[in-house]
Structure formats: structure tokens, C-alpha cells
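Working notes, beginning with the structure itself.
Coordinate-derived values only; no laboratory data. Only a predicted model underlies this, so the values are computations on that prediction, with no experimental measurement involved. Counting neighbours? That spans all protein chains shown, and the Cβs are built from the backbone with ideal geometry, glycine included.
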């Protein structure tokens, strides 16, 4: 153990009310027809991938196999003022008008159910609560176990199963109310955080680092040349990688790109959009639990160097529930004080073992 740390996990059952079901009656219209046409062309029955079990399975694992130093609190709902720092008034009014109904929000199959607006408000508010806990010194690190996720949500549009951009709402709150002028946001989800990038594209006080599977993988943005604009030119860093990329590539990108960038930027707060769909079982990339452990260790190093005790993680994607739960637990172990595992190329340790086993088998006596 590297030294016990106090880690706060925030979880709120109100987020379970977000449960889109294609068997429900959705608001009629052009978008409903278009999505239904897409789904009718599939060869297998489709169900909404972003379901309540994503966070209940994590909570259940942590109850069965608790991590020393980790404790739980409930979340809170974000206010309209807090959401309005990153989303337009018109967008919020449109979303609020659909409270209590089921509707498609984007042709990419983003949807809402009767309880979705309430759940999304709690998700964003719980991300804020995670930031407040570390800034106020009530925890040395925090993890907002939230859904629906947020990093695809743009100022005027829901996308990629995301209604409100949780990590951006938390970052903007930290700037506006908590005295954190410079905020580092790191996104390790398999998909590019297009919404977060758009929100802070021209903000010189937010450094956004995103490593993800590159285009044409959804959402198709996040090229190397996308580095911010206006006063924020240079404060967006994208690292697109191919589908086979795994632990070694990610750790090298963090150590050789992110760490120097953070040293240059000197953040007052470090936030992580922690998606676990980059685990190999989610079939998008090839990370392991050891890889997530190593990434968490690097994030802790960055926070310790620039803003001790001000590290907050916010859940994004992750759709293979076993991989999601195991990945979150591996990260929490490191945040609570375990020594990060240094990952190796997959299979290399086993090959080394086989070499040692067979070394003398074919030598002459």
C-alpha cells in the first residue's frame, strides 16, 4: 500500500429511473420514425445499452468486496443555473418540456423515459457533489458513480446516451463557485468526448485531454489536429488510437503527453471522465484492469503534484457489466492507496513463463 487515502463514492438510486424501453410509447414525429426504421433493419432484437444495471452492478460488487478507505454518500440534483453554465436555455427548456415522457433525442438512439430528466439532473448534481467534496477537504479523492453519462452531450444537443454533460457541469461549477480557475479534464472513455470538447473549445482555463478510438468510430471527432480555438487554442489534446490499442499505448500516452501538458498547465482541480468501455471485454479497445489501475495511479500523481486532494472521477461509458464493475473497483483500490500495477503487453508474462518452463527441454544432455 502506498498509504491509506479517504475515497468518497457518490451514488444515488434516483438515477435508476432513467430506463428507456423501445416497447414504450414514444413521442410521435419524424425522429421516432427514423429511429424505428433503423432498429427494424437490425437482425437481432435491440435493447437500450445504457441501463440501470450499469451502476447497480458496481455498487453490488463493492458491497461484496469492499475496498478499504472507500465510503459512500448519496448525490444531489443539479439546478437549472448549474446546468445553464454549459447548456443553452433553449436546450434546457426543450428537455424540461419532455419531463415525464418517453422520446428519442437523437438519431444515434439517444432516448429518454418518464424518469430520465430527474435522473439526469441527479447525475450532473452528483458530479458537482464529488467536486465539492474534494475541494472542501471532505475526501482526498471522489468518484461519482452516475448515469446517464455525459461527455457526448453538447451545449444544444443530447447525443450518445448523454442528456447533460456531467463533467462539464462540475468543472464550470468549480470555476464559478469553488475558486478553481484552471481545471484539467482527462477523458479515457473509448469514445471521444465531443460534447466536453465543444463546451471548452475556446476556454484557456480548461485543459481537455482525450484518448479514444479514432474515427470513424463513434462519434467520429477527436482528430490530432483538433486542438482548440480562439483563446483556447492549444488547450485541447486529442490522442486517437486504433481498435487494438491497450494498456501499453495508453500508459505511454499518459506519461509522455498528458503529464508534460499537466506540468505546463498547473491545474487547480483534476477531473476524469472515467469510461470503462475501453476494456477488452467491451470490444472497442484492449485495456485490462491493470491498465485502468496504472491510469488511476498517473492521475493521482498529477493531482498530488499540482493540487493535492483535488481529484474527482465521473463515470462515463462501460457496457459489459463485469468489465465495468471490475474496472471501477481496480481504480478505487489505487485511489485508496494500493500500488498501481504496471501493465505489460497482453500475453507477454505467460510467454516468459513458458520460455522458462521449456528452456532446457531441447538441449543436449
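Structural remarks
- Angle between the chain longest axis and helix 348-358 axis [Cα atoms, degrees, rounded to 10]: 30 degrees
- Cubic angstrom per residue, convex hull over Cα atoms of the chain: 162 Å³
- The distance separating the Cα centre of the range 151-181 from that of the range 31-75 comes to 21 Å.
- Relative protection proxy for 306-316, 198-208, from highest mean packing down: 306-316, 198-208 (other beta-carbon atoms within 10 angstrom).
- Computed from Cα atoms, the angle from the helix 53-64 axis to the main principal axis of the chain rounds to 50 degrees.
- Across 227, 236, 126, mean-square fluctuation computed from a Gaussian network of the chain (C-alpha pairs under 10 Å connected) peaks at 227.
- Against the chain, whose longest principal axis comes from its Cα atoms, helix 116-135 is set at around 50 degrees.
- Fluctuation leader among 93, 226, 121 - the chain, Gaussian network, Cα springs under 10 angstrom: 93
- DSSP beta bridges fully contained in the chain are about 10 percent antiparallel.
- A full extension of the chain between residue 322 and residue 99 corresponds to an added length of 77.1 nm, given 0.36 nm per residue minus the alpha carbon distance.
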